[in-house]
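The structure appears below as structure tokens.
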Amino acid sequence: MAFIAELKEMSLYFGGLKANHQVSLQLFPGKLYGLIGPNGAGKTTIFNVLTGVYAPSSGEVRFLGKSVAGLAPYKIARLGIGRTFQNIRLFKQLTVEANVMTAFFSQGESNLLDNLFASQRFKREEESSRKRAHELLKFMGLLNHAKDLAGSLPYGKQRKLEIARALGPAPKLLLLDEPAAGLNPTETRELTALIGKLQQEKNITVLLIEHDMRLVMDICEFIFVLDNGELIAKGKAQEIQQNPQVIAAYLGVDESEGEGE
Amino acid sequence: MSEFIQHTINGLSLGSIYALVALGYTMVFGVLQLINFAHGDLFMMGAFIGFYFIRLIHFFFGHDSSSLSSPSGVLFSMTVIVVSMLGTALLGMVMERLAYRPLRKSPRINLLITAIGVSLFLEYGGQLLFGASPEFFPTILSKQAIALPGGVILDSTQVLIFSTAVVLMLLLHFLVFKTQFGRSMRAISHSLEHASLIGINVNKVIMITFMISSALAGAAGVMYSISYPKIDPLMGLLPGLKAFVAAVLGGIGNIKGALLGATLLGLAETYVAGYISSSYRDALAFLVLIVVLLLRPSGILGSKKIEKV
Amino acid sequence: MLAFIAIGCILNMLFTMSFDVLNDFHQISFLKPMREQSLISPYYYSVLLLLGINIILSTSLALLNGFTGLFTMGHAGFMAIGAYTAAYVVKSYLPTAAPMLQLFTALAVGSLSASLFGLCIGFAGLRLSGDYLGMVTLGFSEIIRVSLLNIEAVGGARGMTDIPQFINLGMVTLIALIVIILVKRIRDGRFGRAMFAVKENEMAANLIGINPLEVKVRAFVLSSALAGVAGVCFAFSEGYLSTQTFTFVKSFEIIAMNVIGGLGSLSGAILGGAMLSLLPEVLRKVQDFTGVDIRMVLYALTMILIMILRPKGLLGQKEWKWLSSPN
């Protein structure tokens, strides 16, 4: 089977600071992946490289067979990578449904003149995107909040809304950056179920960063472990749990043993 | 060649006036991230305070034109500058206390609008107080031409302006980099929140910053009026704006940048007026600004902030 | 087109109480200057005219400053370009054409020329963010002003005179209404949503497939075109243009309208525009009382007080019902 996304010996440096070093990983379509590691291990920078926020210093980034290294974020998004953020980045002054509708922007066909003259095409498009937004909100269980301002939602629902928005451009790969951070156990369980559901029903490949190990071990079919900017292990949940390098990285045992060059 | 040197001297003299005003812009921006558009009007107030002080002296002690060229003329000019500085410092303090302090927690654009309001207030208030028609700033120091080799002429007022500006800048340098106040001020420009957490009296430091920057503008106002003696309540607009441009050129918030920007701007203006045409002189500042910002988006000495994702 | 003429006639009749419009319809006399014929005094006529123009300006700036979060300080420059180009073209190429043709040429030329500048400044300035964009736009507008001051073909320092005065109060009101409706439509559509997205979180917008540069350039082009329209209204109603009108002080005034009304709110832009236009006139009464002209001082004080007492502007983010947003 072909990879949907692949990093090949990707390195990212900021001046002398090493964020990622020689990271190689492959994602197969339709699977649910976890990306774990201690704070500052370079997990989010991998997301940033995949989504075009940073161009890698060296190495390859491929998505659907195409090299996307250094491509503008909006272009990569249009190719089909969606993501959420560690610190929620919603458009707080827009309504919940409008937040999702912004994500349809790139698919819009009406032009400025359509908009200015409120043409039929424009009206049809507005209506259909509102309908699609409602479908996504329903999927995430937010439909009754459609007309609320995004900023007025409770924290847990804001996280869900961010996922709904990320689903707007119909991504093939969805990157979730700590989706359960700040959620209570009930909300975490709900979210876990939702992630499983969206991966199955919408057949989206998911890569998630998470510190909640139970969530990761429960739903991720395959796990990558980063430490100090480098990939130190990959495998199924059980393999990872027993991997001495991983244990060392998390427990902070002697660094020289933990690092696998 | 001598023409070039002449232009350079004139440019440095103009640049030193811009520099005094630009320093004020940059210091206030440093502590409050505020573009204090009323700063140019403090420059105007400085000129008028000087003007009325001179009138007052002349009224009580008579007008003795023979003293213009003697050392007492220099002494008198210095006194006028100091009085203006005191006056504008007081004005700056009041301005900060009444208009800007209530907005410490508001969005920055509110501060900006308030600054525009204060600027209009000073301009229209000035028109009310001083009248809208221009006044003639009395001669307090006769222009004595000092001929230098090569036909270059150095004007005594230029010497006064330039040396006063340098002295003020040295004082400022000492204040900002060698004193406790300066350390506090720099801490605030780094982060207002952190500064208050480590026990710096933020309000006091901001107030003093305003007073110093206003005093510098006041001094510049008098110095400007000595060389261009027509003063009116709107005289601060253009020099104020240009000094602001100079501050941005160098990288706003950066004190050395303000000096560099102002010197460059003063020189560029005199060269363009001297060699090309004086009609586009006022546009030049902005042309330079745009070119520099397009090449270096944060100014010549400014540092760039990177958004963290 | 017919609706346009019809509404124009009606509005003008309302303002002027003059019914001869219908008699010589072929000349479309509602386009003629009506200041002298108007029922309301020439003074109120001028005030209302300025009010209309200011509302167009304020609304157009809302697209940039309010919706897209682009801080610009050079709106007067776009207005100047629109006013001068349109006046020059009409005066030199269509001096004797029918007023209707003159009007539409003026509007087209004015908005196109201004938007062309908007496009250039948009591309040049959008690498910059925050205050620096404001400074560059301020610079551009001052360069435009000084250049106009030195171009003899448009009157140079003397100003441009004898511009046909075919835009009257009715027309300005109509144009202002149209501008408000257009801006509302933009705000409520997908472009408007993208603008708000870019304003609130540029990176997040970028990562859901919105090209922030494209959105910003669009906002610039649209906003400058509308500012150009305001310039056209000004030029052809006043009949005289001077660069003194288009200094950075005017740009600041337009920003103040937005902020005082409530930055980000279309209703706020209108309210702020109306307030800052009418305030000096209302304060004229105070002048009768005090005997000195302190109205501009009070005007400045009011500005400061509103900022201190209502930091979010008079309306905040709220909209009036007829301008409410589905987003």
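Observations
- Residue ID - farthest from C:TRP322 (Cα to Cα), chosen from residues in region C:247-295 that are not aliphatic (A, V, I, L, M) and not in a helix (DSSP H, G or I): C:GLY291
- Filter pass, C:ALA176 being away from every other protein chain (no Cβ under 11 Å) and assigned to a helix (DSSP H, G or I): yes
- When A:LYS92, A:LYS147, A:LYS160 are checked against the criterion of being assigned to a loop (DSSP other than H, G, I, E, B), touching a Gly at 6+ places or on another chain (Cβ under 8 Å) and in contact (Cβ under 8 Å) with a residue 24 or more places away in the chain, a single residue qualifies: A:LYS92.
- Of everything in region C:41-72 that is surrounded by 24 or more Cβ atoms within 10 Å (Cβ to Cβ) and small (Gly, Ala, Ser), the residue that is nearest to C:ASP131 (Cα to Cα) is C:GLY66.
- Residues (over 20 Å from C:PRO326 (Cα atoms), facing another protein chain (nearest Cβ under 7 Å) and among the basic types (Lys, Arg)) located in region A:74-125: A:ARG78, A:ARG83, A:ARG89
- Residue that is over 19 Å from B:GLY30 (Cβ atoms) and either more than 9 Å from chain C (Cβ to nearest Cβ) or surrounded by fewer than 23 Cβ atoms within 10 Å (Cβ to Cβ) (or both), where the choices are B:PRO297, B:PRO239: B:PRO239
- Selection from region C:129-138 of residues that are within 21 Å of the chain's Cα centre (by Cα) and either of a type in the set (A, V, I, L, M) or at the interface with chain B (Cβ under 9 Å from one of its Cβ atoms) (or both): C:LEU133, C:GLY134, C:MET135, C:VAL136, C:LEU138
- Residues in region A:52-76 that are more than 23 Å from A:ALA233 (Cα to Cα) and touching a helix residue (DSSP H, G or I) at 6+ places or on another chain (Cβ under 7 Å): A:GLY52, A:VAL53, A:TYR54, A:LEU64, A:VAL68, A:PRO73, A:TYR74.
- Residues satisfying the stated conditions in region C:182-204, i.e. more than 7 Å from chain A (Cβ to nearest Cβ) and small (Gly, Ala, Ser): C:GLY192
- Sub-7 Å Cβ pairs linking a first residue in region B:288-301 that is more than 20 Å from B:GLU269 (Cβ to Cβ) and aliphatic (A, V, I, L, M) to a second residue that is at pLDDT 85 or above and surrounded by fewer than 20 Cβ atoms within 10 Å (Cβ to Cβ), at least 6 apart or interchain, are B:LEU301/B:LYS256, ordered by first then second residue.
- The conditions of being crowded, with 20+ Cβ neighbours inside 10 Å, under 16 Å from the mean Cα position of the chain (by Cα) and not in a helix (DSSP H, G or I) are met by A:LEU175.
- Selected residue [closer than 18 Å to A:THR205 by Cβ, more than 17 Å from the chain's Cα centre (by Cα), at pLDDT below 95 and more than 12 Å from every other protein chain (Cβ to nearest Cβ)] from A:GLY70, A:GLY65, A:GLY40, A:GLY30: A:GLY65
- Selection count, region A:70-89, where residues are outside any strand (DSSP E or B), surrounded by 21 or more Cβ atoms within 10 Å (Cβ to Cβ) and among the aliphatic types (A, V, I, L, M): 2
- Within region B:273-288, the set of residues being within 24 Å of the chain's Cα centre (by Cα) and either among the polar types (S, T, N, Q) or more than 7 Å from chain C (Cβ to nearest Cβ) (or both) comprises B:ALA273, B:GLY274, B:SER278, B:SER279, B:ARG281, B:LEU284, B:ALA285, B:VAL288.
- Single match in C:GLU214, C:GLU202, C:GLU238 (criterion: at pLDDT below 95, among the acidic types (Asp, Glu), more than 18 Å from C:LEU133 (Cβ to Cβ) and surrounded by fewer than 24 Cβ atoms within 10 Å (Cβ to Cβ)): C:GLU238
- Selection over region B:15-29 of residues that are surrounded by fewer than 24 Cβ atoms within 10 Å (Cβ to Cβ) and either closer than 15 Å to B:VAL222 by Cα or among the aliphatic types (A, V, I, L, M) (or both) gives a count of 0.
Quick grid of which residues meet (1) among the hydrophobic types (A, V, I, L, M, F, W, C); (2) surrounded by 16 or more Cβ atoms within 10 Å (Cβ to Cβ); (3) not in a helix (DSSP H, G or I):
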{"position": "B:MET185", "(1), (2), (3)": "yes, yes, no"}
{"position": "B:ILE188", "(1), (2), (3)": "yes, yes, no"}
{"position": "B:GLU193", "(1), (2), (3)": "no, no, no"}
{"position": "B:GLY199", "(1), (2), (3)": "no, no, yes"}
{"position": "B:ASN203", "(1), (2), (3)": "no, no, no"}
{"position": "B:MET207", "(1), (2), (3)": "yes, yes, no"}
{"position": "B:SER214", "(1), (2), (3)": "no, yes, no"}
{"position": "B:ALA217", "(1), (2), (3)": "yes, yes, no"}
{"position": "B:MET223", "(1), (2), (3)": "yes, yes, no"}
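- For C:VAL146, the test of being out of contact with any Leu (no Cβ under 7 Å at 6 or more places or on another chain) and either charged (D, E, K, R) or within 14 Å of chain B (Cβ to nearest Cβ) (or both) is passed.
- Here C:SER115, C:SER141, C:SER111 are screened, and the one residue that is part of a helix (DSSP H, G or I), out of contact with any Lys or Arg (no Cβ under 8 Å at 6 or more places or on another chain), farther than 16 Å from C:PHE236 by Cβ and more than 10 Å from every other protein chain (Cβ to nearest Cβ) is C:SER115.
- Meets criteria (charged (D, E, K, R), within 14 Å of chain C (Cβ to nearest Cβ), surrounded by 15 or more Cβ atoms within 10 Å (Cβ to Cβ) and closer than 16 Å to B:MET45 by Cβ) for B:GLU123: yes
The values are calculated or read from the model by the stated rules, or taken from the named source; none is laboratory data. None of the values given here were measured: they were computed from a predicted structure. Reconstructed Cβ throughout: ideal geometry from the backbone, glycine too, with neighbour counts over all protein chains shown.
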